[in-house]
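Taken together, the values in this text are just the output of simple stated rules run on the coordinates, not laboratory data. Being a predicted model, the structure only gives us computed values, none of them experimental. Cβ coordinates were reconstructed from backbone atoms using ideal geometry, including for glycine residues, and neighbour counts include every protein chain displayed.
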Amino acid sequence: MPIYALGERTPTIHPDAFVHPDAVVIGDVRLGADSSVWPGAVLRGDYGTVIVGERTSIQDGTVVHAVAEFPTVIGSDCVVGHLAHLEGCVIEDGALVGSGSIVLHLATVHSGATVAAGAVVRNRTDVPERALAVGVPATVREGASDVELIRHSAELYVNNARRYREELRRL
């Protein structure tokens, strides 16, 4: 499994987290209990810190990076969809970042909010609680997020990571 220290910057991965053998974790990356990092995802804490809470999924092909000035913080019970790009932003607990979306420096996606698939959340954008950010650049629709869907999706990935930890084998 490609997990690397870079100088003094070393990943901290909870023993109950799941990192797929084809994911890459480099440097100051902190991964909480029951979180999962899926094939092709790259979490790179070479210049800054990447923090992922508990029960959060970082799905296939996602890139999470941080710069020295702006850590990337992803809370607990979050879902980060396939091929997303997160850099120098804050994703609060219980939020969903859709597949192929981008969330950039100093943006905040608050609890229960959703970034729609393919949306681009620009620098310093604030996505309020339970809002939906959609489009390029993203516009915000208040109260349009589906919090139950986020909870269900987060739970599904916690269970899937347990299954992979027990059943995955290379052929």
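Restricting to the stretch 19-48, give me the number of residues that are buried (at least 23 other Cβ atoms within 10 Å of the Cβ) and hydroxyl-bearing (Ser, Thr, Tyr).
Residues in the stretch 19-48 being buried (at least 23 other Cβ atoms within 10 Å of the Cβ) and hydroxyl-bearing (Ser, Thr, Tyr): 2 in total.
So residue 7 clears everything in (1) buried (at least 16 other Cβ atoms within 10 Å of the Cβ); (2) more than 16 Å from the chain's Cα centre (by Cα) except one condition, right? Which one?
(1)
For the stretch 20-48, enumerate the residues that are of a type outside the set (A, V, I, L, M, F, W, C) and part of a strand (DSSP E or B).
27, 28, 30, 36, 44, 45, 46, 47, 48
If you go through the stretch 7-19 one residue at a time, how many are free of Cβ contacts under 8 Å to residues at least 40 places away in the same chain and not in a loop (DSSP other than H, G, I, E, B)?
Residues in the stretch 7-19 being free of Cβ contacts under 8 Å to residues at least 40 places away in the same chain and not in a loop (DSSP other than H, G, I, E, B): 4 in total.
Tell me which residues, restricted to the stretch 136-147, are closer than 15 Å to residue 107 by Cβ and crowded, with 16+ Cβ neighbours inside 10 Å.
138, 140
Give 81, 112, 94, 61 a once-over and let me know the one that is of a type outside the set (S, T, N, Q) and either under 22 Å from residue 11 (Cβ atoms) or without any contact (Cβ under 8 Å) to a residue 24 or more places away in the chain (or both).
Testing whether each residue is of a type outside the set (S, T, N, Q) and either under 22 Å from residue 11 (Cβ atoms) or without any contact (Cβ under 8 Å) to a residue 24 or more places away in the chain (or both) leaves just 61.
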